[in-house]
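Here's the structure, in structure tokens; my notes come after.
The values are calculated or read from the model by the stated rules, or taken from the named source; none is laboratory data. Computed from a predicted model, the values in this text were never measured in an experiment. With ideal geometry, Cβ positions are generated from the backbone for all residues, glycine too; neighbour counts draw on all protein chains shown.
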There are 4 protein chains.
Amino acid sequence: MSSPIKKLPMLSGRLEALGDGIFSVAMTILVIELELPKMISGGWAGFTAALQHTWPGLLCYMISFVVLGIMWFGHRMMFEFIARTNRYFIFLGVLFYMVVCLVPFSTRFLAQQVQWQSILVYGLNLSLCNLTLYAQWLYGVRRKSLMEIELNDEVRKEARTLFLLSPVVYGIAILISFWFPYISLIIYVITPVLYLLPNKLDKYMP
Amino acid sequence: MSSPIKKLPMLSGRLEALGDGIFSVAMTILVIELELPKMISGGWAGFTAALQHTWPGLLCYMISFVVLGIMWFGHRMMFEFIARTNRYFIFLGVLFYMVVCLVPFSTRFLAQQVQWQSILVYGLNLSLCNLTLYAQWLYGVRRKSLMEIELNDEVRKEARTLFLLSPVVYGIAILISFWFPYISLIIYVITPVLYLLPNKLDKYMP
Amino acid sequence: MSSPIKKLPMLSGRLEALGDGIFSVAMTILVIELELPKMISGGWAGFTAALQHTWPGLLCYMISFVVLGIMWFGHRMMFEFIARTNRYFIFLGVLFYMVVCLVPFSTRFLAQQVQWQSILVYGLNLSLCNLTLYAQWLYGVRRKSLMEIELNDEVRKEARTLFLLSPVVYGIAILISFWFPYISLIIYVITPVLYLLPNKLDKYMP
Amino acid sequence: MSSPIKKLPMLSGRLEALGDGIFSVAMTILVIELELPKMISGGWAGFTAALQHTWPGLLCYMISFVVLGIMWFGHRMMFEFIARTNRYFIFLGVLFYMVVCLVPFSTRFLAQQVQWQSILVYGLNLSLCNLTLYAQWLYGVRRKSLMEIELNDEVRKEARTLFLLSPVVYGIAILISFWFPYISLIIYVITPVLYLLPNKLDKYMP
């Protein structure tokens, strides 16, 4: 029933399961922060007033949800290639999860008031998510013992582009925010859309 | 240990796991919103008064829980047929999860006060859940590369009926709510029961 | 890649995953309700005073956590025997999850004040958990198409005893609570211990 | 379709799934406790003041997150060796999960004020996590029927060192806290780093 140790399998399944749990909680927690529309007067007037009050929070909720969805997708894609883990790979993973869990916090901060400080915190947080995930990816794909499917140069380059795209864009948004914070907000709305455009990885998918 | 890429497997397992996580958090979060019965006086009088105060919240909790259970079931059934994913299928999935996560929010709104505004928000939210899931289903079953088991016409039609049934009924409930919001509430209570009646998919189940 | 439908597999894996998610959230949510010890004065005096204030909440937290752990165990054991599901089995499962999710709510109510009303709500909730799980079990084991491993009479009887033990004990606790609510609380503390004693199912375990 | 019982498989998968759920919720819940930076005045002055106010909470969040990550890693490693469970093993697991779920609570207590009382509660909680996990490990590895891969003496000793390291260090931190609570806090920051150093288990990993 049991055999002496040589190498442990260290399959990535449980790290993925922890990630799915963390993403699903972080995504759902966003909604707890949403303030209920307070209806001061009845009828359409009161309703539209309440909606106007809820709107910024709802928008930030939607941006963060889609961004987290895209990050989850990137994380999920990584494990198409990587099937085994080791201690350092897992610690990089915990680091990634740590900054992911802060997203509901920075979202709340952004929803409270759109100004350069909240744009900075939010953009920094999202950039750190991408960068820690990229670090985990770079660590993983350089170790053949962890990989299931070998990369080719096209995938390698496209992955780099996708990982670094949003930190660069968010950096620009942060710079702009010192003068026009609402333009930065528009950039935050548009960025996820860039990830929906066709890319070079699509042809490897069923 | 590794082989060059041709097509990635892109199995649906992790998307399902994310969904199970999101549904379980959304369902459990409903209970955080529940107000504790405040017992002003002791004995049966105080207890029944407290129950009467908790009752609307508890009812809304139960409706939403059962509705989310039915949606989870539909989502789960989809993956009896679909076994692989691609980027667009997953993005439709994230959209579905986004509206699912809003259900605790609209439930709280409905529990606060039963009036046409809250009936509208709640019915719209639940309808969007069904419609985004239906969009994902339509996208998936039109791509043979994603499917595990081929559909026949009976399943296709019955799925359509089940996906569109509640948006239609909720649309009627919203219309009625401008005059009789409590009748709309009764419709919201009855709708889930429709999904418990025998249907044409039952014969394919063990 | 795809084959025409005859019978869908309807494996129980996702229902179990939803359950694991719901139990883990319900168990962890218990801790959100815990009030922080407020330290009015420093030193040991202030600390023990704070502990005394936190103690009832912490005790209720521990009881509920262990009880949920035992229910999770029963739920998990059920799926040693049952490997496939159908629509009715899943709806019974959703019902079970619904009452499980209410446990943090009744725990909060009990922690607030130990009196017959809270003993009643708490005991009723836990009994409903056991009874709905038992209903699901009875439904499942009567359908050979859902089962993986056939039951023998010993397992059948022992399962019935374990499912009905706590509703009976909780019923007694509720009766007693009209006179001595703290004795009922002691019964709630002791009941989980009964489930730790050796039983007739142990010999089937590795 | 079904066969009479001899021994149930009792695979560890669902206990691991419950654990992944509990860890992911406990880790994400930490962030709910984080207070939003309150910006009294605008510009850099107000921002740095707000950051200074948020800093202690953020630091405690990061310590707890990394510590929970390390515990999750230990828990995950245990199941490289153990593949089957029984009732007692699972009950030890529930005990472990119970103290893990208290970590957000003690973190909140620590973040509120750094003094010997909060250092004591926090260190005690983390030590109990390690000790209950160690108890589960000891129970498991002494039963061949539960194991997948046999231990050798090196693994056995290194596991003991890793399980007992932090309770010993935390014990020292608690002692010191009666005089210098901030030194204890520094010890809490440093301890996780010890677990990042290379150890004797690394050579068994891919």
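Picking from residues in segment B:91-139 that are within 8 Å of chain A (Cβ to nearest Cβ) and not in a helix (DSSP H, G or I), the one that is surrounded by the fewest Cβ atoms within 10 Å (Cβ to Cβ) is B:GLN113. Select, from D:LEU133, D:LEU124, the only residue that is out of contact with any His (no Cβ under 7 Å at 6 or more places or on another chain) and not polar (S, T, N, Q). Just a single option satisfies the conditions, and that option is D:LEU124.
Taken over segment C:31-66, the criterion of being farther than 24 Å from D:MET27 by Cα and touching a residue at least 24 places away in the same chain (Cβ under 8 Å) is satisfied by C:PRO56 alone.
For every residue, the table says whether it meets (1) more than 13 Å from the chain's Cα centre (by Cα); (2) aliphatic (A, V, I, L, M); (3) in a helix (DSSP H, G or I); (4) under 29 Å from C:TYR88 (Cβ atoms).
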{"site": "B:LYS6", "(1), (2), (3), (4)": "yes, no, no, no"}
{"site": "B:ARG14", "(1), (2), (3), (4)": "yes, no, yes, yes"}
{"site": "B:GLY21", "(1), (2), (3), (4)": "yes, no, yes, yes"}
{"site": "B:SER41", "(1), (2), (3), (4)": "yes, no, no, no"}
{"site": "B:GLN52", "(1), (2), (3), (4)": "yes, no, yes, no"}
{"site": "B:LEU58", "(1), (2), (3), (4)": "yes, yes, yes, yes"}
{"site": "B:PHE65", "(1), (2), (3), (4)": "no, no, yes, yes"}
{"site": "B:MET71", "(1), (2), (3), (4)": "no, yes, yes, yes"}
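For the residues D:LEU196, D:LEU185, the requirement of being without any contact (Cβ under 8 Å) to a residue 24 or more places away in the chain and within 22 Å of D:GLY123 (Cα to Cα) singles out D:LEU196. Count of segment B:1-54 residues, restricted to those that are of a type in the set (D, E, K, R) and within 30 Å of A:ARG142 (Cβ to Cβ), is 3.
Just checking, how many residues over segment C:50-65 are buried (at least 16 other Cβ atoms within 10 Å of the Cβ) and closer than 25 Å to D:TRP179 by Cβ? Result for segment C:50-65: 1. Do we have any residue at all in segment C:55-63 that's under 30 Å from B:PRO206 (Cβ atoms) and either at pLDDT below 95 or out of contact with any strand residue (DSSP E or B) (no Cβ under 9 Å at 6 or more places or on another chain) (or both)? So far as segment C:55-63 goes, no, none of its residues is under 30 Å from B:PRO206 (Cβ atoms) and either at pLDDT below 95 or out of contact with any strand residue (DSSP E or B) (no Cβ under 9 Å at 6 or more places or on another chain) (or both).
D:GLU35 meets all of the listed conditions (1) assigned to a helix (DSSP H, G or I); (2) surrounded by fewer than 17 Cβ atoms within 10 Å (Cβ to Cβ) but one, namely (1).
Evaluation of D:ARG76 against the conditions (1) within 14 Å of chain C (Cβ to nearest Cβ); (2) modelled with pLDDT of 95 or more shows that the sole unmet condition is (1). Taken over segment C:149-178, the residue count meeting the criterion of being in contact with a strand residue (DSSP E or B) (Cβ under 7 Å, 6 or more places away or on another chain) and surrounded by 16 or more Cβ atoms within 10 Å (Cβ to Cβ) is 1.
Restricting attention to segment B:191-206, the residues that are more than 7 Å from chain C (Cβ to nearest Cβ) and either part of a loop (DSSP other than H, G, I, E, B) or touching a strand residue (DSSP E or B) at 6+ places or on another chain (Cβ under 6 Å) (or both) add up to 6. The residues in segment C:79-90 that are more than 7 Å from every other protein chain (Cβ to nearest Cβ) and not in a helix (DSSP H, G or I) can be counted, and the count is 3. Figure legend. Inter-residue proximity from segment A:145-158: first residues facing another protein chain (nearest Cβ under 7 Å), second residues modelled with pLDDT under 95 and part of a strand (DSSP E or B), beta-carbon distance below 8 Å, spacing 6+ or different chains. Indicated pairs: A:ILE149/B:SER3; A:ILE149/B:PRO4; A:GLU150/B:SER3; A:GLU150/B:PRO4; A:ASN152/B:PRO4.
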